[in-house]
Number of protein chains: 2
Amino acid sequence: MASTPTAGARPARAPYAIAPPAERAAARIVIQYPQPAVDDGRYPAKRCVGDSVMVAADVFRDGHDILRAVVRYRGPGDPDWRETEMRPIDAHLDGVRWAGEIEVDRVGRWEYTVEAWTDVFGTWRDELERKVAAGQHDLAGEISEGVLLLESAARNARSADDLSLIEHAARALKDPAVPETAKHDTALGPELFAAVERGQERHGRASIPALKIEVDRVRAKFGAWYELFPRSWGGLRGVEAQIPALAELGFDIVYLPPIHPIGHTNRKGRNNALRAGPRDPGSPWAIGDETGGHDAIHPELGTEDDLRSLTATARRHGMDICLDYAIQTSADHPWLREHPEWFHRRPDGTLKYAENPPKRYQDIYNVNWESPEWPALWEALLDVMLHWVDCGVKVFRVDNPHTKPFAFWAWLIENVHARDRDVIFLAEAFTKRAVMRHLGKVGFSQSYTYFTWKNSRYELTEYVSELAYSGEQEYFRPNFFANTPDILHAYLQHGGRPAFEARTILAATLSPSYGIYSGYEHCENVPVREGSEEYLHSEKYEVKRRALDGPLLPLIKRLNTIRRENPALQYFDNVTFLDTANDALIAYAKRMGQNAVITVVNLDPDRAQEGLAIVPAHLGLPPSFTAHDLLTGERYPWRIGPNYVRLEPGLRQAHVARVEI
Amino acid sequence: MASTPTAGARPARAPYAIAPPAERAAARIVIQYPQPAVDDGRYPAKRCVGDSVMVAADVFRDGHDILRAVVRYRGPGDPDWRETEMRPIDAHLDGVRWAGEIEVDRVGRWEYTVEAWTDVFGTWRDELERKVAAGQHDLAGEISEGVLLLESAARNARSADDLSLIEHAARALKDPAVPETAKHDTALGPELFAAVERGQERHGRASIPALKIEVDRVRAKFGAWYELFPRSWGGLRGVEAQIPALAELGFDIVYLPPIHPIGHTNRKGRNNALRAGPRDPGSPWAIGDETGGHDAIHPELGTEDDLRSLTATARRHGMDICLDYAIQTSADHPWLREHPEWFHRRPDGTLKYAENPPKRYQDIYNVNWESPEWPALWEALLDVMLHWVDCGVKVFRVDNPHTKPFAFWAWLIENVHARDRDVIFLAEAFTKRAVMRHLGKVGFSQSYTYFTWKNSRYELTEYVSELAYSGEQEYFRPNFFANTPDILHAYLQHGGRPAFEARTILAATLSPSYGIYSGYEHCENVPVREGSEEYLHSEKYEVKRRALDGPLLPLIKRLNTIRRENPALQYFDNVTFLDTANDALIAYAKRMGQNAVITVVNLDPDRAQEGLAIVPAHLGLPPSFTAHDLLTGERYPWRIGPNYVRLEPGLRQAHVARVEI
């Protein structure tokens, strides 16, 4: 079986343009298209702790020999590789697709590869079996080959038992006194086969370069978010007082817009007025004044100790505090004085404020990424984040990451993860899909989406299908916010409470990560003017009095409980849309292991809608089952095929039904 | 605009786990998913001489700056790269997809890359334009930036005219006597823009590793093949005598099964009988006897001079002779004596004949690719092919390449192409799709397909769509043989002449490469037994008397003329299937530039079928046009939308209609 050239035996001949390549000759096995993989392995795929990862690849070779394949994998810091067997799947794909499953049980960077080899003994045994079955008798040559294979196997036997079995068989095959048919029986014995396979050399072994899987804690994909402006809740201490109630409601992450000092030069007034009144607090995104910048806390919100106390209390309740990370400064930010070299300066010496002509943001300055001093700028920005990480903040909502260099984010996230691998990054990017995807590739844990603008059945089905099936599900985790301080969709403005209920249920059941911005639970729905998605009296520019007493909170609490109790709702790409025979009704099933949940939502906030939830056979549910509505407790006898549904605003906007048998 | 770190200016600080990467900072532009590309550039895409290649890629960066992009490319041996501009296409894909076209005008390996940069002046000009349009007036800062950009542009001006234009503009922008609005007009002048762009430095330039395009002569994708056994035509000289007639019929390639001496040990008799009669000639694929092997010619067929004469005559008629390349030997082949180390030998010393249990091929021995002497074996096999290349053979039909190592084929093809880049390799592989594809990736010019077994409308549509659109069209070129000595499909056995007509028209119009094996034009359709696809009295085992007088030849000649006159039929992946409202009718359009051909075939050999050819608007044809049937000369007034069709066996089996206006 040697495959090294023995040049001495070859006749002298003219040299070829390209000599036979020694290393290629043995490589008869092709392994291609491994999954999970992002851009051919250029970026890691993402998973969460506890996930079972299906690793698949095409494995084939020339000829008809039998192959074996394994996944080899290791977790972060593991010196050794583990192995798990792969088996052929999907006969309709030529039978060349193999798969095996691995478990990822801790955060960090995992690696895997696929290794395959020719099963020499298995191939010989299979041919012998077919010849015996065909009644061929003159198999002495075959048996003599088997002896050689068994003698080789004996040298690699994994145990004394295996060795004894193999040697016994080899002796029987060599013994002229043993009848041919008994030799065949011996050679084909399944125990012998297993013993030989255990120790078999991996003939013509092939593998592929290792691929990466970035494993996050579960909250990176699964969490209920609540956004609030701490100045409307009594500052950081006031927020801390709400933590038990927020935990009781089932929220996982409380996201605070920037908590830093706010600039006063060109401060925006109420309703985004160009001039602020004397008591207007300004937008928290105009970061920094003479007293401090990105690493300071607005004195009216509290102190660093207050923040540490808040994050500690949240942690005790199993929750996270999320800070905003917005790389921009007000005109009064200390960096403008201390590091003018980090900002855009015109030839006439003036600094450039942010603008996207004809829009101007005179209260905000962007940093100059092409500054000669960019390494110091990068490090300062990293310092800022590490400072908040040290205060117990493990989640950041990153403002407009798509206007900063991808390379910066890759570097920042890598460094922060080197300090604390639990940190989660949410990208607030509403831009070209390719750019949003690329932010996921370079390391963002999750991203805002266009969910807010997808309100019809067609829009939701198309958009969610793309997020779930187009390949981006390997690295792009959606977060479905039902509203934000910037986005009050017309559907909510005009649909009243039924619209808010529908959107909450959609967000919470379609996406493992979803969120609301406070006021939503009160069904706040008045825009600054008709046609705008901005709130009237937006909290971005004024202080409100807020309390956790909105009428939607019982529904939200119920949904958060349902989400935790049903693993099917903790994954995104396990969704299957069902026909409903009515475009005002959307229905979808999610399944994970034994758990299956079917959601049907009436998208019409004004009228009752009747239709069907048509359960397709390929979901693998039993022919008839109980649909147990987890919102109301009602139970319906459902089945594969059409199931009548009637949903009436005010009475029942949706079913969220667990499949029970 | 420098982006190199100037470490001296940075404050001393604790080192980071990962320092800011100098080379990453400038890289703000992402270029991804270039096309054409096979497996992320691992294998070359294929094109033919004269093709216009659309090169596309995603090009984007963070932020809103304007980008520019070019394709850079060079042909084989070119020391320098040429460039052609790319422009954004497909706004629905985020507007990040760019494309440009290049021409490949000679055989060999071409390379291309995509280069993109930030258009600094264009971005500045665009913002200025938007500000002026918005009525903003205080633009002195912007103008002072423009002066700097123009001064930089002046240093790179491409011509004296450009320089003069740029310097004049810079002076105007600096001149306090020039009114602001005149400065704006100057800055926004289109001629100034063009002059600056011509010389502009490529700011933040990014590119991708070069990708490969393997360019073949046109016959690698477009040709009409005729297979014949020379022993039935009077040997090589007899074949040569037919060349003018074959050329007149429009055939491009005459393919000869193996022309070597045939073994006599275990020679197969008529109808594949296990024992040959004394006068049975044997199968040409049992290669070699005591007088010679793969580099010899069967004495009854002629001499090497006869072959050289044949290939020369073919070349004079614009045709190619194709030889069979089958790596297997009869028991009498000289290599078994001279190089027993190249063959499988059992421990008991016996040689292993070919088998796939329970089938045995006692007249054939396979080589042992895992022989320690494999380099000598590879070189001998290359010698064989180069020998025939030297005799003027530029096309090889390779027998069962899927049972030999891929690495061998890659090496063989590379070496043969180093000697003669015009050589074409046809893979005779009927196996797993992934294996067939892989043979294309490692270098085969074209491949047999499953066309023979695709006879219904659904089968044809599905199969051709996969070949045309699944990505394999970049490297896998189908050859649609309507029959072979091994495959007489039941459709032909039972359908009579109309079936033969339908299949000829399908093969010739669906695939640029198509072929028939002689006898087909006589509608030979008797199988060795019901249920078999083997011919009765198969020519594989006996000598026939053949002549070019089959009743289908006029149709074939007409089709070959139509194919040559209509560029649309010289490409594979330009096919669009049309609805017909009748499953017995298949219709498809092909378009290339101004040339469009619509083919409608009645798949039912027994009955007339009526239906529609529904021309979709997206084909871009005029609302009404003339369908000029190139088989009959008839002209029909057709239009976008449904067009009535009636096709009757015996009278008219198909339309092959050119679109005329």
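Only the coordinates and a few stated rules stand behind these numbers; no lab work does. Computed from a predicted structure; not experimentally measured. FYI the Cβ positions are ideal-geometry reconstructions off the backbone, even for glycines, and counts take in every protein chain you see.
Observations
- Ranked B:D579, B:D363, criterion: other C-beta atoms within 10 Å, fewest first: B:D579, B:D363
- By the count of neighbouring beta-carbon atoms within 10 Å, fewest first, A:E459, B:E634 end up ordered B:E634, A:E459.
- Restricting the trypsin sites (Lys or Arg not before Pro) of the stretch A:107-183 to loop positions (DSSP other than H, G, I, E, B) with no more than 16 neighbouring Cβ atoms within 10 Å leaves A:R158.
- Cβ-based net charge around B:V239, under 11 Å, with every Lys or Arg adding one and every Asp or Glu removing one: +1
- Helical mean residue ellipticity (222 nm; -39500 (n - 2.57) per DSSP H run of 4+; nearest 500) of chain B: -9000 deg cm²/dmol
- Beta bridges per DSSP, both residues in the protein assembly as shown: antiparallel share near 70 percent.
- Using C-alpha pairs under 8 Å with a sequence gap of at least 6, the mean separation divided by the residue count of the stretch A:576-660 gives a relative contact order of 33 percent.
- Where only C-alpha atoms are counted, convex hull volume of the stretch B:183-236 per residue in Å³: 208
- Whole-Å distance, taken between Cα centres, linking the stretch A:646-661 and the stretch A:391-446: 37
- Mean separation of Cα pairs under 8 Å and 6 or more residues apart, divided by the residue count, gives chain B a relative contact order of 10 percent.
- Amide H contacts under 5 Å for A:W98: A:A57, A:D58, A:V59, A:I89, restricted to partners 5 or more places along the chain or on a different chain, H placed in the peptide plane at 1.01 Å from N.
- Residue-level result for chain B: its Cβ closest to the axis carrying B onto A, with that distance in Å, is B:D40, 2.
- Summary for A:D486: label point 7 Å along Cα→Cβ; distances to the equivalent points in the other copies, ascending, 6.3 nm.
- DSSP beta bridges in chain B [antiparallel fraction, %, rounded to 5]: 70
- Dipole orientation for the stretch B:122-263: of the candidates B:H168, B:Q200, B:G250, B:G250 has the Cα lying most toward the positive pole (charges on Cβ; Lys, Arg +1; Asp, Glu -1).
- Across the identical copies, the label point of B:T632 (7 Å from Cα in the Cβ direction) is separated from its matches by 6.5 nm, in order from shortest.
- Residues whose placed amide H lies under 5 Å from that of A:A326, excluding near-sequence neighbours: A:D399
- Each other copy places its own label point for B:A354 at 7.2 nm from this one, sorted shortest first, where the point lies 7 Å along the Cα-to-beta carbon line.
- Surrounding net charge for A:E428, when Lys and Arg each add one and Asp and Glu each subtract one, Cβ distance under 10 Å: -2
- Remark: relative contact order (the stretch A:25-170) = 21 percent; criterion is Cα-Cα distance under 8 angstrom and separation of 6 or more residues.
- Here the 3J(HN,Hα) profile of the stretch A:521-536, calculated from phi with Karplus coefficients 6.51, -1.76 and 1.60 at θ = phi - 60°, is 5, 9, 6, 4, 8, 9, x, 5, 6, 4, x, 9, 9, 7, 6, 5 Hz, Gly and Pro shown as x.
- For chain B, the spread of Cα positions along each principal axis, largest first, Å: 108, 67, 46
- Under 13 Å, Cβ to Cβ, from A:Q609 - net charge with Lys/Arg +1 and Asp/Glu -1: -1
- Average beta-carbon neighbours from other chains, 10 Å sphere, peptide B:367-375: 6
- Summarising the amide proton neighbourhood of A:V30: residues at separation of 5 or more, or on other chains, whose placed amide H is nearer than 5 Å comprise A:F60, A:R61.
- HN-Hα J in Hz across the stretch A:429-440 - Karplus 6.51, -1.76, 1.60, θ = phi - 60°, x for Gly and Pro: 10, 10, 7, 3, 4, 4, 6, 4, 4, 5, 4, x
- Out-of-range pairs (alpha-carbon distance over 31 Å; input A:K432/B:K441; A:K46/A:K454; A:K441/A:K544): A:K432/B:K441; A:K441/A:K544
- Derived scalar couplings between HN and Hα for the stretch A:170-186 equal 4, 4, 4, 5, 8, 6, x, 7, 7, x, 3, 5, 5, 4, 4, 4, 4 Hz in order, rounded to whole Hz, by the Karplus curve 6.51 cos²θ - 1.76 cosθ + 1.60 (θ = phi - 60°), x for Gly and Pro.
- Here the stretch A:130-195 and the stretch B:28-81 have alpha carbon centers that stand 57 Å from each other.
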